[in-house]
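Peer 1: Once you've had a glance at the structure underneath, I'll fire off some questions.
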Amino acid sequence: MKKSTELLDRIRKTIARYHMIGPGDKVIAAVSGGADSVCLVHVLYRLSRELDLQLVVAHFDHGWRPGEDESETELVRSLALSLGLPFELAKSPSHMKKGLLSLEESARNERYGFLERVREKHLANRIALGHHLHDQAETFLMRLLRGSGVSGLAAIPPTRDNIIRPLIEVTRHEIELYVKERELCFAVDSSNLNIDLFRNRIRLELVPLLLQYQPRLVEHLGEMTSTLREESEFLDSLSAEWIGKEAGPVSNKKISIPLQPFLALPAVLRKKIIRKILATLRGSVRRIGRKHIHAVDELAKSTQPQGRLNLPERLIVKRTYDLLHFINQDEGMAKGFRYCLDGPGTFFIQEIGKSLSLSVRDKEEDWSPPASPWTADLDSEKTRFPLVIRSFRPGDRFIPLGMKGHKKLKDFFVDLKMPIEVRRTTPILLQQETPVWVGGCRIDERFKVTPSTRTILEASLT
């Protein structure tokens, strides 16, 4: 059991390094039935008492392989039962999706949607996926061959929002040794041998070829993606700082930036700012490629005083003399609002005509809660950036100050006898989709100022 003990230690360090799990967290483990996901849930189960975490097993049946799918479902169900863990199952209503999405992308969206619903149902903090170091290397090579930039080559992040990947620093071989030593049953997905799929050709043909030149290829690519991710995150922070300082009111419908200071920036930072603005408007820029970013940059540098670009995802970029306007045409976005907040400052919420101010200060010895309901003091060490301010969504839950259990925001508003039209314009401050403060009403119990609080994040709406 020496190898499995070593693997456990490495995963423990990965979890700590990236702050994946905190005491008392509830984690949804996505288990397909393959060796990697079986290893994932077994390792988390072994660490559950040490890390004070609760586990739920979730399995999504895409319905692609009649016979195989059913046996994988029963395998995962049996594994959850043997570990005494709750089990959640969903089946795809139809794997033949039509429209702009590919079969793989449609399946991915269905799977992630299911996992998020399970997370909300169980009031869980995290969703754990079984991606490992070989997945990281394969993703890097795929994106390299497709011409991705630095952000794309950074490949699979260890954490993102509610998603964690505890196995991201261990190899496929180490995982296979672990399940063998522990005599764990797992399924072999026959579709992984289909070389018509690009990722499979990378795994089965390109990676073995490159390993002949560099036996430590996978480890080296893992180190490279980590370095690229650090550089990308640094540029992200610089771009967010610039947008906060120079851009006009930031909303999910329109963002305008002045051209003179923009064009004075290095090209690499300009392109990062363009991508970040488009992501703020649309939430996802998966269909925005390097050629689109380059076209926007060329429009900004053009000697023509006016111009227009139509981009994927119903996005428009217009130049009018000394301003560059980024516009989201998706009318569905106008029903609510959502702004990403990367640090302290003042942010105008155009849809409701209010400004949100965030500032950090040392806690006073004679501190007392703010008298105004439009100001909230929060423990800044618990309330970490980036934050989000958005409108209310069905299913939102929080622990109102002074209470122990979760409460649906809808029920909270009903108790306050708040009219529906007021609920729609009530701003919700969130950390990783967990409500921190219901603006003008109440903060969440978990983020309150306590005797041990050292610094305070003050939030105010005017």
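Peer 1: Regarding the stretch 367-377, can at least one residue be identified that is assigned by TED's automatic domain parsing to the domain that holds LYS253 and in contact with a strand residue (DSSP E or B) (Cβ under 8 Å, 6 or more places away or on another chain)?
Peer 2: No: zero hits.
Peer 1: Next question, about the same structure. LEU145 passes all but one of (1) surrounded by fewer than 20 Cβ atoms within 10 Å (Cβ to Cβ); (2) modelled with pLDDT of 90 or more; (3) within 19 Å of LEU40 (Cα to Cα); which number fails?
Peer 2: The single condition LEU145 does not satisfy is (3).
Peer 1: Given the criterion in the same structural domain as LEU324 (by TED's automatic domain parsing) and surrounded by 13 or more Cβ atoms within 10 Å (Cβ to Cβ), identify the matching residue among ARG275, ARG286, ARG201, ARG229.
Peer 2: Only one candidate qualifies: ARG275.
Yes or no, residue by residue, for (1) of a type outside the set (D, E, K, R); (2) surrounded by 15 or more Cβ atoms within 10 Å (Cβ to Cβ); (3) modelled with pLDDT under 90:
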residue: PRO394; (1), (2), (3): yes, no, yes
residue: ARG397; (1), (2), (3): no, yes, no
residue: LYS417; (1), (2), (3): no, no, yes
residue: LEU429; (1), (2), (3): yes, yes, no
residue: GLN432; (1), (2), (3): yes, yes, yes
residue: ARG446; (1), (2), (3): no, yes, no
residue: VAL449; (1), (2), (3): yes, yes, no
residue: ARG454; (1), (2), (3): no, no, no
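Peer 1: Among the residues of the stretch 242-284, write down those that are of a type outside the set (D, E, K, R), farther than 21 Å from LYS301 by Cβ and touching a residue at least 60 places away in the same chain (Cβ under 8 Å).
Peer 2: If the condition is that a residue be of a type outside the set (D, E, K, R), farther than 21 Å from LYS301 by Cβ and touching a residue at least 60 places away in the same chain (Cβ under 8 Å), then GLY244, PRO249, VAL250, SER251, ASN252, THR280 are the ones that fit.
Peer 1: If only one of VAL268, VAL218 is in the same structural domain as ALA154 (by TED's automatic domain parsing) and either modelled with pLDDT of 95 or more or not in a loop (DSSP other than H, G, I, E, B) (or both), which one is it?
Peer 2: VAL218
Peer 1: OK, next. Kindly check whether there is at least one residue in the stretch 409-432 that is part of a loop (DSSP other than H, G, I, E, B), under 19 Å from the mean Cα position of the chain (by Cα) and among the polar types (S, T, N, Q).
Peer 2: Taking every residue of the stretch 409-432 in turn, at least one turns out to be part of a loop (DSSP other than H, G, I, E, B), under 19 Å from the mean Cα position of the chain (by Cα) and among the polar types (S, T, N, Q).
Peer 1: Could you give me the residue pairs with C-beta distances under 7 Å whose first residue belongs to the stretch 188-205 and is in contact (Cβ under 8 Å) with a residue 40 or more places away in the chain, whose second residue is among the hydrophobic types (A, V, I, L, M, F, W, C) wherever it lies, and which are 6+ apart or on separate chains?
Peer 2: SER191/TRP64; PHE198/MET142; ARG199/MET142; ILE202/LEU141; ILE202/MET142
Peer 1: Report whether or not VAL296 is surrounded by 18 or more Cβ atoms within 10 Å (Cβ to Cβ), in a helix (DSSP H, G or I) and over 22 Å from the mean Cα position of the chain (by Cα).
Peer 2: yes
Peer 1: What's the number of the condition ASP322 fails, among (1) free of Cβ contacts under 8 Å to residues at least 40 places away in the same chain; (2) loosely packed, with under 13 Cβ neighbours inside 10 Å; (3) over 30 Å from THR450 (Cβ atoms)?
Peer 2: (1)
Peer 1: Continuing with the same structure: Where residues in the stretch 160-179 are surrounded by fewer than 16 Cβ atoms within 10 Å (Cβ to Cβ) and over 19 Å from VAL76 (Cβ atoms), which of them is modelled with the lowest pLDDT?
Peer 2: ASP161
Peer 1: Just give me the residues in the stretch 425-435 being more than 19 Å from HIS122 (Cβ to Cβ) and in contact (Cβ under 8 Å) with a residue 60 or more places away in the chain, in sequence order.
Peer 2: Selection gives THR425, PRO427, LEU429.
Peer 1: Right, here's the next one. Identify, please: which residue in the stretch 1-31 is within 17 Å of TYR178 (Cα to Cα) and outside any helix (DSSP H, G or I) and is, among those, modelled with the lowest pLDDT?
Peer 2: Only one residue tops the list, namely MET1.
Peer 1: List the residue pairs whose Cβ atoms are under 6 Å apart, where the first residue sits in the stretch 342-365 and is in the same structural domain as ARG454 (by TED's automatic domain parsing), the second is among the acidic types (Asp, Glu), and the two are 6 or more positions apart or on different chains.
Peer 2: Here the result reads SER359/GLU458, each pair linking the stretch 342-365 to a residue that is among the acidic types (Asp, Glu).
Peer 1: Among the listed residues ARG160, ARG117, which satisfies the condition of being within 28 Å of HIS294 (Cα to Cα) and either free of Cβ contacts under 8 Å to residues at least 40 places away in the same chain or assigned by TED's automatic domain parsing to the domain that holds GLY24 (or both)?
Peer 2: None of the other options fit; the residue is ARG160.
Peer 1: Kindly indicate whether any position in the stretch 98-120 is surrounded by 15 or more Cβ atoms within 10 Å (Cβ to Cβ), modelled with pLDDT of 95 or more and touching a Lys or Arg at 6+ places or on another chain (Cβ under 6 Å).
Peer 2: no
Peer 1: Do you know which residues across the stretch 146-185 are under 17 Å from VAL38 (Cβ atoms), in contact with a Ser or Thr (Cβ under 8 Å, 6 or more places away or on another chain) and either of a type in the set (Phe, Trp, Tyr) or not in a loop (DSSP other than H, G, I, E, B) (or both)?
Peer 2: Result: LEU177, TYR178, GLU181.
The values are calculated or read from the model by the stated rules, or taken from the named source; none is laboratory data. No experiment lies behind these values; they were computed from the predicted model shown. Glycine also receives a Cβ, built like all others from the backbone with ideal geometry; neighbour counts cover every protein chain displayed.
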